[in-house]
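Structure first, then comments.
The values are calculated or read from the model by the stated rules, or taken from the named source; none is laboratory data. Note that this is a predicted model, so its numbers are computed, not measured. Here the Cβ positions follow ideal geometry from the backbone for every residue, glycine too, while neighbour counts run over all protein chains shown. What goes into the accessible areas is simple: the full protein's heavy atoms, side chains included, and nothing from ligands, DNA or RNA. Shrake-Rupley method; radii C 1.70, N 1.55, O 1.52, S 1.80 Å.
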Amino acid sequence: MSDDLSTAYKTVLVDCLGVKAGEEVLVLTDPVKRPIGERLVAEARELGAEVVLAEMSERGTHGSEPPDFVAAAMLAADVFIAPTSKSISHTEARRAASAEGVRGATMPDVTEDLLARTMTADYQEVRRLSAAVAEVLTAGDEVRITSEEGTDVTISIAGREGQPDDGDLSAPGAFGNLPAGEGFIAPVEGKTNGTIVFDGSIWPIGKLSEPLTITIVDGYAEDFSGADAERFRATLEPHGREAFAVAELGIGTNEAAILTGNILEDEKILGTIHVAFGDNHSFGGTVRVSSHQDGIVLHPRVAVDGKVLLEGGKLTP
């Protein structure tokens, strides 16, 4: 194992989650991500933790609930770590575990290459930027995002609380993605209007070969155009109307992240934004649906209440 990868696993367990000797740790995985799960188990045992590896079947999509007995195991642990193919971040099981005081990290579609690159970032700077972005979003009422590719969308965030995804998961009930690196917020439902041109990546397509344009009317994605438009629409449709709701605005803060087509990394790229559709009830919104899908805009201009927060890849929170 490379030095960077060894450092990355230790950063996950020690620097981020603060795993200690004697703690009960659940590593939740699926067949595809089992090798990473096994490595986390081995590293956590070296720290003196009591570790259980649970492998469930791969979920159908991001936001799908784990089995009930897995949810019960999450509630009983001191710490859970979830290197899985699909995200369980926006599930009732995860939310209940966090409310019970369990520390947790989700790592959807994680790879060792991704870990070695992004978990060796300057996490003090990631934390500073993520907190600053979250503070600006909390204080704001309205965000306007534009880009040379054609994005022009207005998002209401009035009364909503911005949150930092900064990798500090050491407090009781703390939860986040790893790798970390964003400030994010749940937009006010029904108050987003305009056009978003995704030119980075989007799930389940991955890296986009050409832009995907989505027109949003009163908070819902209505029209789709581009080579991957129908595939993305078909991803949302089985979950009903609420899967088309604008769920999240996030701004990347991790300078080590690069565009790979893996949303876990891509949404953390410094100087980018991502907008998600679907569930957001676990971080301040009201939409409940078993789907949460993110798309990346690479070179946006972001203004909060008229003041520029991001332009030309530079954050000025």
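Based on this model, can you work out whether THR286 counts as open to solvent by 10 Å² or more (accessible area, probe 1.4 Å), part of a strand (DSSP E or B) and either in contact with a Cys (Cβ under 7 Å, 6 or more places away or on another chain) or touching a residue at least 24 places away in the same chain (Cβ under 8 Å) (or both)?
Details: open to solvent by 10 Å² or more (accessible area, probe 1.4 Å): yes; part of a strand (DSSP E or B): no; either in contact with a Cys (Cβ under 7 Å, 6 or more places away or on another chain) or touching a residue at least 24 places away in the same chain (Cβ under 8 Å) (or both): yes.
Taking the combined requirement at face value, the residue does not satisfy it.
Quick check on GLU255: is it open to solvent by 20 Å² or more (accessible area, probe 1.4 Å) and under 27 Å from LEU115 (Cβ atoms)?
The answer is yes for GLU255.
Kindly indicate which of ALA186, ALA134 is closer than 23 Å to ASN262 by Cα and either surrounded by fewer than 19 Cβ atoms within 10 Å (Cβ to Cβ) or touching a Phe, Trp or Tyr at 6+ places or on another chain (Cβ under 9 Å) (or both).
Numbers: ALA134 fails: closer than 23 Å to ASN262 by Cα.
Residue meeting the stated conditions: ALA186.
Among the residues in the range 275-282, are any under 27 Å from MET119 (Cα atoms) and open to solvent by 10 Å² or more (accessible area, probe 1.4 Å)?
Checking the range 275-282: at least one residue is under 27 Å from MET119 (Cα atoms) and open to solvent by 10 Å² or more (accessible area, probe 1.4 Å).
Within the range 145-171, which residues are touching a residue at least 60 places away in the same chain (Cβ under 8 Å) and more than 20 Å from the chain's Cα centre (by Cα)?
THR146, SER147, GLU148, GLU149, GLY150, THR151, VAL153 - these are the residues of the range 145-171 that are touching a residue at least 60 places away in the same chain (Cβ under 8 Å) and more than 20 Å from the chain's Cα centre (by Cα).
Only one of these conditions is not met by ASP113: (1) in contact with a Lys or Arg (Cβ under 8 Å, 6 or more places away or on another chain); (2) open to solvent by 20 Å² or more (accessible area, probe 1.4 Å); (3) closer than 30 Å to ALA73 by Cα. Which number is it?
Evaluating ASP113 over (1) in contact with a Lys or Arg (Cβ under 8 Å, 6 or more places away or on another chain); (2) open to solvent by 20 Å² or more (accessible area, probe 1.4 Å); (3) closer than 30 Å to ALA73 by Cα leaves (1) as the failure.
Could you list, ordered by first residue, the pairs with Cβ atoms under 6 Å in which the first is in the range 247-261 and more than 27 Å from VAL289 (Cβ to Cβ) and assigned to a loop (DSSP other than H, G, I, E, B) and the second is of a type in the set (Gly, Ala, Ser) and open to solvent by 10 Å² or more (accessible area, probe 1.4 Å), at least 6 apart or interchain?
That search, which allows pairs on different chains as well, returns ALA256/ALA121.
Could you identify the single residue in ALA121, ALA105, ALA131 that is farther than 22 Å from ASP4 by Cβ, touching a residue at least 40 places away in the same chain (Cβ under 8 Å) and either hydroxyl-bearing (Ser, Thr, Tyr) or in contact with a strand residue (DSSP E or B) (Cβ under 8 Å, 6 or more places away or on another chain) (or both)?
On the way: ALA121 fails: farther than 22 Å from ASP4 by Cβ; ALA105 fails: farther than 22 Å from ASP4 by Cβ.
Only one candidate passes the filter, namely ALA131.
Answer yes or no as to whether PRO238 is surrounded by 16 or more Cβ atoms within 10 Å (Cβ to Cβ) and either modelled with pLDDT under 95 or over 14 Å from ILE185 (Cα atoms) (or both).
Answer is no for this residue.
Conditions first: (1) in contact (Cβ under 8 Å) with a residue 12 or more places away in the chain; (2) open to solvent by 20 Å² or more (accessible area, probe 1.4 Å); (3) within 20 Å of ASP141 (Cβ to Cβ). VAL308 passes all but one, so which condition is the exception?
(1)
Could you check the range 196-208 and list, in sequence order, the residues that are open to solvent by 40 Å² or more (accessible area, probe 1.4 Å) and at pLDDT 95 or above?
LYS207
Scan the range 262-299 residue by residue and report those that are among the β-branched types (Val, Ile, Thr) and over 13 Å from the mean Cα position of the chain (by Cα).
Residues satisfying the conditions are THR272, THR286, VAL287, VAL289, VAL297.
Looking only at strands (runs of 3 or more DSSP E) that fall completely inside the range 22-83, which ones have 3 or more residues that are open to solvent by less than 30 Å² (accessible area, probe 1.4 Å) and at pLDDT 95 or above?
Hits in the range 22-83: 24-29, 79-82.
Restricting the search to the range 297-317, which residues are part of a strand (DSSP E or B) and not basic (Lys, Arg)?
Those that are part of a strand (DSSP E or B) and not basic (Lys, Arg): VAL297, VAL302, ALA303, VAL304, VAL308, LEU309, LEU310, GLU311, LEU315.
Of all residues being of a type outside the set (A, V, I, L, M) and within 18 Å of THR195 (Cβ to Cβ) in the range 241-252, which is surrounded by the fewest Cβ atoms within 10 Å (Cβ to Cβ)? Just the residue, please.
PHE244
Can you name the condition, by its number, that GLY167 falls short on among (1) in a loop (DSSP other than H, G, I, E, B); (2) modelled with pLDDT of 95 or more; (3) open to solvent by less than 40 Å² (accessible area, probe 1.4 Å)?
(2)
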